[in-house]
Amino acid sequence: MSGSSQVYRASTTAPVNIAVIKYWGKRDTALNLPTNSSLSVTLSQKSLRTHTTASCSESFSGPDSLILNNEPEDIQSSKRTQACLKHLRSLREQLEAKDASLPKLSKLTLRIVSSNNFPTAAGLASSAAGFAALVRAIADLYELPQTPQELSLIARQGSGSACRSLMGGYVAWRAGTKEDGSDSIAEEVAPMSHWPEMRALILVVSAEKKGVPSTAGMQTTVETSTLAPARFNEIVPKRMAEIEKAIQEKDFETFARITMQDSNSFHAICLDSWPPIHYLNDVSRAAMSAVETANRKAGKLICAYTFDAGPNAVIYYLAEHTHEVAGVFRSVLPRLPGWEGEFAEQIRPNEY
Ligand code: 2P0
C-alpha cells in the first residue's frame, strides 16, 4: 500500500505476572508510584496472555480508540491510558525530529485492538498484561529504541503492576524515591532459565469481577490502615532482600515462606483498612489449608499460596512435587460447597 491509505501495524503479546511480594499502596496516585517495592514471577504466555495490535493511518479519522475483548473501551476519559499514549507519542516525535525521512506516525490516529485469553478483572492481573501489551505494541509500531526497562516506566503509568509484565522470569519493581517517578521501574532479577523447575497452579475460584477495585482499595488502605506503615517501611524492604537471595540460591523453602507471609500481610492490611476490604472467601481459605496439608505431609515447604485482589489462588511449587501438590488439591477442593472453579493447567514461568 502507498500514500494516505497506508496502514502501519504492529502486534505483540504480554504475559501475566503474579507477585510474591505485593504492591498495595501508592505514594503518588497520578504517576502510579508505589509505597513499596514488589517482586513477581512472569507466567507463560501459552496459558495467560494479552494479545494487542496497534495501527495508525492517515485514512483513520477521529480520536484514538481501543477495542478490548470485542468491546469498545472509553480511553478518552482514562487518564492513565492517555498518559501512556502521550509518552509514547512524544518518544516517536523525538525520532521524527531527528530523521525527517520517517513517516509522521505521531500525528496519526491510533487504533488498538486487544484481547485476553483469561477472565478480565478477576484478580488475574489483567491490567498488568493489558497495559504491558499496549505499550509494547505502540512502541513496536513507532519503532522506538527504548529497552523493556525504559518501557516499564511508561506501562507503570497505565497500571502499576504492568511494569512487571515487560520482562520474563523473576521481576522486581523498584519503588524508587524520586518525585517524578524516573527511578520507579522494573528490572529482571533472574531469567526464567535460572530456575526453570518453578511451576504455578492457578485455582480459578471465581471469574466474576472483584468487589473493591485495586486502585480504590489501595487508597483506603494507605489512608486508614494502622498496620500499613510497618509493612511499607520495614517489612517489605527486608523481605525483598530475603526473597531475591532465595531466588538467586534457588532456596524454595525460603521463597515459599516469604511468599505466603507476604500474601497474608497484604490481606491483613486490607482487613485492617476502614471500611475493611475482603478478597478471600471460604474456597480461598480451603486452598490455604490444602497447601498447609501438602507441606505437613512432605515435612517441608513444597508449595506456597498467594492471593491477589480476589479469591483466586496461585500455588507456586517445583516440578518435582507436581504429583503431591496436585493430589492434595484434587482430594480437597472438589468436595467443598461453592467450588465452581477448575484447575488451570500447570504454568511454567514465562519464556519471553
Ligand atoms: C500486585 N496487585 O503486586 C498486587 C497484589 C493486587 C494485589 O498490583 O492502580 O491493577 O492499576 O496501579 O496494578 C493490582 O494493582 O493497580 C496489583 P493500579 P494494579 O500484583
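The values are calculated or read from the model by the stated rules, or taken from the named source; none is laboratory data. Please read all numbers here as calculations on a predicted model, not as lab measurements. Every residue, glycine as well, gets a Cβ built from its backbone with ideal geometry; the counts of neighbours run over all protein chains shown.
Go through (1) hydrophobic (A, V, I, L, M, F, W, C); (2) farther than 30 Å from Lys98 by Cα; (3) touching a helix residue (DSSP H, G or I) at 6+ places or on another chain (Cβ under 7 Å); (4) within 16 Å of the ligand (Cβ to nearest atom) and name the single condition Ile202 misses.
Of everything listed in (1) hydrophobic (A, V, I, L, M, F, W, C); (2) farther than 30 Å from Lys98 by Cα; (3) touching a helix residue (DSSP H, G or I) at 6+ places or on another chain (Cβ under 7 Å); (4) within 16 Å of the ligand (Cβ to nearest atom), Ile202 misses just condition (3).
Applying the selection to the stretch 26-45, what residues are more than 10 Å from the ligand (Cβ to nearest atom) and crowded, with 24+ Cβ neighbours inside 10 Å?
Within the stretch 26-45, Val41, Thr42, Leu43 qualify.
All but one of (1) of a type outside the set (S, T, N, Q); (2) at pLDDT 95 or above; (3) buried (at least 19 other Cβ atoms within 10 Å of the Cβ) hold for Ala83, so report the exception by its number.
(3)
So in the stretch 138-168, with the set limited to residues that are part of a loop (DSSP other than H, G, I, E, B), touching a Ser or Thr at 6+ places or on another chain (Cβ under 8 Å) and away from the ligand (no atom under 16 Å from the Cβ), which one is farthest from Val236 (Cα to Cα)? Before the answer, list the steps.
Residues of the stretch 138-168 part of a loop (DSSP other than H, G, I, E, B): 142-147, 159, 166-168.
Then keep just the ones that are touching a Ser or Thr at 6+ places or on another chain (Cβ under 8 Å); that gives 142, 159, 166-168.
Adding the requirement that they be away from the ligand (no atom under 16 Å from the Cβ) leaves 142, 168.
Details: Tyr142: 37, Gly168: 22 Å.
Among those residues, the one meeting the criterion is Tyr142.
Do we have any residue at all in the stretch 99-106 that's away from the ligand (no atom under 16 Å from the Cβ), in a helix (DSSP H, G or I) and surrounded by fewer than 22 Cβ atoms within 10 Å (Cβ to Cβ)? Before the answer, list the steps.
Quick first cut of the stretch 99-106, residues away from the ligand (no atom under 16 Å from the Cβ) only: 99-106.
Now drop any that are not in a helix (DSSP H, G or I), which leaves 105-106.
Imposing the further condition that a residue be surrounded by fewer than 22 Cβ atoms within 10 Å (Cβ to Cβ) reduces the set to 105-106.
Taking every residue of the stretch 99-106 in turn, at least one turns out to be away from the ligand (no atom under 16 Å from the Cβ), in a helix (DSSP H, G or I) and surrounded by fewer than 22 Cβ atoms within 10 Å (Cβ to Cβ).
Among the residues in the stretch 13-22, are any part of a loop (DSSP other than H, G, I, E, B), at pLDDT 95 or above and under 30 Å from Asn312 (Cα atoms)? Step through it out loud before you land on a result.
Kept after step one, since they are part of a loop (DSSP other than H, G, I, E, B), are these residues of the stretch 13-22: 16, 22.
Retained after the next criterion (residues that are at pLDDT 95 or above): 22.
Within this subset, residues satisfying the condition of being under 30 Å from Asn312 (Cα atoms) are 22.
Looking for residues that are part of a loop (DSSP other than H, G, I, E, B), at pLDDT 95 or above and under 30 Å from Asn312 (Cα atoms), one finds at least one in the stretch 13-22, hence yes.
Scan the stretch 186-209 residue by residue and report those that are surrounded by fewer than 24 Cβ atoms within 10 Å (Cβ to Cβ) and assigned to a loop (DSSP other than H, G, I, E, B).
Residues satisfying the conditions are Pro191, Trp195, Pro196, Glu197, Val204, Ser206, Ala207, Glu208, Lys209.
In the stretch 46-74, how many are buried (at least 24 other Cβ atoms within 10 Å of the Cβ) and either more than 16 Å from the ligand (Cβ to nearest atom) or basic (Lys, Arg) (or both)?
So the answer is 3.
Could you look through the stretch 290-306, keep only residues that are in contact with a strand residue (DSSP E or B) (Cβ under 6 Å, 6 or more places away or on another chain) and more than 13 Å from Phe329 (Cβ to Cβ), and pick out the one that is farthest from the ligand (Cβ to nearest atom)?
So the residue we want is Ala304.
Could you tell me how many of the residues in the stretch 307-339 are more than 18 Å from Phe252 (Cα to Cα) and either within 16 Å of the ligand (Cβ to nearest atom) or modelled with pLDDT of 95 or more (or both)? It would help to see each step written out before you state the result.
Start the filter on the stretch 307-339 by keeping residues that are more than 18 Å from Phe252 (Cα to Cα), which leaves 307-313, 327-339.
From what's left, either within 16 Å of the ligand (Cβ to nearest atom) or modelled with pLDDT of 95 or more (or both): 307-313.
Residues that pass the stated criteria total 7.
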